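For reference, the structure discussed in these notes is given below.
The values are calculated or read from the model by the stated rules, or taken from the named source; none is laboratory data. Note that the structure is a prediction, hence the values are computed from the model and not measured. Here the Cβ positions follow ideal geometry from the backbone for every residue, glycine too, while neighbour counts run over all protein chains shown. Just so you know, the surface numbers come from the protein's heavy atoms only, side chains and all, with ligands and any DNA or RNA stripped out. Shrake-Rupley method; radii C 1.70, N 1.55, O 1.52, S 1.80 Å.
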Amino acid sequence: MNRLSLVTVSLLAACGTSSGPPANEPARRSATVETREGGGGGDWPEWGRTPSKNMMSEAKNLPFELDPGKLKPDGTPDLATAKNALWAVKMGSQTYGNPAVANGRLYVGTNNEGRGDPRFKGDYSRVVCLEAATGKEIWTLTIPKLGTGKVGDWEFLGVCSHPTVVENRVYVMTNRCEVICLDVNGLADGNQGVQDEANYMAFVGTTPGKPVEMKPTDADIIWRYDMIYELGVFPHNITAGSPLVVGDIVYLSTSNGVTYDHTELPSPKSPALIALNRKIAERPGVTPAEMLVGEEASRISKRIFHGAWTGPAWGEVGGKGVLLFPGPDGFAYAFDPNPVKDADGFGIFPEKWRYDCNPPDLRYKNGDKTQPLKYATLGGGPSEIIATPVFYKGRFYAPIGQDPEHRPGPGNYTCIDLATGKKVWDVRMDRSLSTSSIVDDLIYTGDLSGWLTCIDANKGTILWRYNTLAEIWSSTLVADGKVYVGNKDGMLSVFATDRMKKLADELGPGLEVEIESGKLVLKKGEKAAREISGDEVGQIFREAKFPAELHCSPIVAQGVLYVATMRHLYAFKAGAK
Amino acid sequence: MRIIALLLAGCVTQDWPAWRGAKGDAKLDGFKPPATWPKELQRGWQVEVGEGHSTPALVEGKLYVFARQGGDEVTLSLDAASGKELWRDKLAVDAEFMLQSASKPHGKGPFSSPSVAGGRVFTFGIRGTLTCLDAKEGKVLWRHDFKDRLGTPYPQWGAAASPLVLDGACVIHVGGDKKGSIVSLDVATGKQKWSWDGDGPGYATSILATVGGKPQLITQTQYKAVGLSPADGKLLWELEYKTNYDQNSVTPVVLGDLVILSGTARGVTAYRIGGGKPEQAWHTDDVAMYMSSPLLKGDRLYGFSEKRKGQFFCLDAKTGQAFWTAGSRLGENAALLDAGEVILALATPRPDGNDPSHLIVFDAHEKAYAQRPPIKVADTPAWAHPVVSGRSIYIKDKTKLTLWTIP
């Protein structure tokens, strides 16, 4: 058993103000949770920036007004028409793998469309490494499709996992239901770790193909862990989620799920949550079984509604680490991250508590516990937790939600005391897959009906909300006194958080914000409680129209705001052209 | 266009023999709007016909309705004046049938609309079964399920294209995921005249158009748009056209040598079809159509965009520049008809709810969007197109078909 040394990891130095070329240096990354102070915002090396998964940053001087400009006829962004844009590049046609930035490099998951590499024609998935300062491509991991079609590796979805960068390694889940570790330098500095990249990238489904000629601009795979072979996982539609790395351990959800038609759970005994030891995984000759150091044994997979697409967050109680796991069965789980061996010798995470985030009327017919409601994509009934939970000031924060293809429906946002597993408050909202931003005890979150909602983190009171008029699949970013949120229409809405807080304090909670003929109208019920017009509107609210859906979440690293649409990636900085 | 020369209150009663009318352009000939639109229409008969988004056909005073009743797809012939059922055919479709789970809001179909020509009714079921019926008595003349030549004979969201009948042939794109054939079948015998084998089907109906002086069959497939020779099915051109989750659903329109395509989150793009490879002429991301198909009036393109939870737009079809976009939260879909001076739009809420549907009438003008108060025409979501003949408007909602009259 390889246990985490929590003392060690919590003593590691704070992350992320470094820039320049990636270095093979000792771990600079901390397991310190919640927000990390100072440093101008530092890097954004993982989903949620830190293990607490709070979608916020301390970055300053971010642009309030930004404009992606127009596209040229070939679909590339035309920077001459943009505002505050440092650079912009075209991605594949579907970009779901949210960017991560560390040590001057940006890593993003997309598909192969429009790439033009003659070695890879057709549908592949990619992780692309770019120079964060310029957008210039450095290397690319090319991943063949599994060949399952829509069942387990839906066509053209690309890599849907957000990469996590630690030291000189990138951890990401592929569309082939693998955990993969990459060298940040690609093959340019030689081939480290496994030596079979040429064979890996040649697969046609599960059939080996003719080895691909490798180039220095290809990715260098250090190791792979195949969750289908090793764990019997049945990924539903695609593999998603983000690896959480604390110390030597990589924690992740497996994407285990239901069949294409939602009628069966083919792998109820496969875990929904596992942990791999990333240092052991780099040892020559290591077996996959030796990599696996922990898994949940709470039988979550027997209860999966749809798919275990979302990974855990890290919290602390009394100085000890806790895994906050968003149950694909609608329960919030807290696990001890230190596995203990079961009778068969498997490392098992002790379950500290679980809490049903579905209110009784969504879980049971008329709230009657003898009449459980079936999972339904439409209408009422229970939902899973698909947003990543956020750890903030000793509490677990997350909404319930479903695959956005299941459309809007009744949801619920829950705040749980991490020490006791007891609910602090909950509040009704629409289904959501947005991971929250929590700053100054205010929660910002989006939902599938398109609402951006600000909730008091202590009381659960909705202070204000704004209908962006299209589904929100992505998450908010709060930084520099602004909340950024993108929607399916490609509209990025930006509010000044302090100004909105003042208005809510003044006018009372429950405000609905509307933009009418250039005016900002704050309504309570049907009545306008305040109308703001003229220049003041621009001090509180801005929006920017992007040419494609904003299904990735905006991030900030080293003072640069990165916004990925489905087909492009933009870098914005106040004062840039 | 078959027009019955009955003048009624200044309107010409008109047959509507297929999806978007006889020419596939959703254009009503001779419609005279009332001087003042009423707050509500007069309700006539109402008949429970079954589920589905299929638009009825209207020919010589008879309606042909394609709908689901229980596990059957039924074709009904109704007397258009009274709603009385004249005949019915049914086909059990539930066995070995499975749609993509996210399609549940739209139910199990059918989505395809019947086409009526030469005394025959053609239907294309949710499972990809093409049926030819005798229009007088409902007798099945021939029927193909295409199982012998393809794998799964229907795409993941269910077959939705409507049969296109021309020159003694019935053209339809059959097949399933990534593999399909656009086939031309002899209307009398059901025998294949030609077949183009290639990509799987999309959900939009093929159109017959003249592009650059050449007649062509233009079809959105699963991942492409293709132009075929209507005589022999020979591929004239193709271009890649992909939408997220393979949802190509919008009927193409043609202006001169421009083929205008749209799809969910794809904006609107015009491709110039010359002798060589199609080239993009213009593109806009300001609006995008999902399941609603646009109208071309002269060189103005009117449509219903999925953005801002539903808004209408008018574009310059030569350049893609928007004259106006208007409204928000108008619904999840709108079925548009070109009624001359005005555009009639049946705006519908999400398909799985029980919210009402409204007829929205606005001026067909690029200067401004001039809307009148919406007129409620159904208590439930109505995803089929309205069928308009003279002053009669037939609305198929979730399960009922209702005759409304403009007073």
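Odds and ends about this structure:
- When you restrict to C-alpha pairs under 8 Å that are six or more residues apart and normalise by the size of the range A:346-387, the relative contact order lands at 26 percent.
- If only the Cβ of Lys and Arg carry +1 and only the Cβ of Asp and Glu carry -1, the dipole of the range B:3-405 around its Cα centre is close to 280 debye.
- Mean accessible surface per residue for chain B, computed with a 1.4 Å probe while every protein chain stays in place, in Å²: 36
- Förster radius 25 Å - calculated FRET efficiency between B:Lys90 and B:Asp186, Cβ distance, rounded to 0.05: 0.50
- Between A:Asp441 and A:Lys527, the contour length at 0.36 nm per residue exceeds the alpha carbon distance by 28.2 nm.
- Within the range A:166-184: backbone nitrogen closer than 19 Å to the A:Thr217 label point (7 Å, Cα to C-beta): A:183-184
- Separation of the A:Trp425 and B:Trp45 label points, Cα + 7 Å toward Cβ, nm: 5.9
- Å² per residue, accessible surface of the range A:127-228 at 1.4 Å: 30
- Shown is the FRET efficiency for B:Ser328 and B:Thr36, computed with R0 = 22 Å from the Cβ-Cβ distance and rounded to the nearest 0.05: 0.25.
- Estimated at 0.36 nm per residue, the fully extended path between A:Lys83 and A:Gln371 surpasses their Cα-Cα distance by 98.1 nm.
- Residues along the range B:87-136 losing 30 Å² or more of accessible surface when the other protein chains are present rather than the chain by itself (probe 1.4 Å): B:Met98, B:Gln100, B:Ser101, B:Ala102, B:Lys104, B:Pro105
- Viscosity 0.890 mPa s, 25 °C: Kirkwood-radius Stokes-Einstein D of chain B over Cα pairs, µm²/s: 117
- Contact order, relative form, for chain B: 14 percent (alpha carbon pairs under 8 Å, 6 or more residues apart, mean separation divided by residue count).
- Taking a point 7 Å from the Cα of B:Glu341 along the Cα-to-Cβ direction, the residues of the range B:349-389 with backbone N closer than 20 Å to it are B:359-375, B:388-389.
- The mean sequence distance of close C-alpha pairs (under 8 Å, at least 6 residues apart), as a share of the length of the range B:328-407, puts its relative contact order at 22 percent.
- Which of B:Pro34, B:Thr399, B:Gly227, positive extreme of dipole for the range B:3-405 (C-beta unit charges): B:Pro34
- Heavy-atom accessible surface that B and A bury in contact, both chains counted, 1.4 Å, Å² to 100: 2900
- For the range A:300-410, the fraction of 1.4 Å probe accessible surface lying on carbon and sulfur atoms is 53 percent.
- On the basis of the beta-carbon distance and an R0 of 51 Å, A:Gln195 and A:Val317 show a calculated FRET efficiency of 0.75.
- Inter-label distance, A:Asp226 to B:Lys214: 4.7 nm, where each label sits 7 Å from its Cα along the C-beta direction.
- At 0.692 mPa s and 37 °C, Stokes D of chain A from Kirkwood alpha-carbon radius, µm² per second: 139
- Distance between modelled label sites at A:Asp505 and A:Lys70, nm, 7 Å Cα→Cβ extension: 4.5
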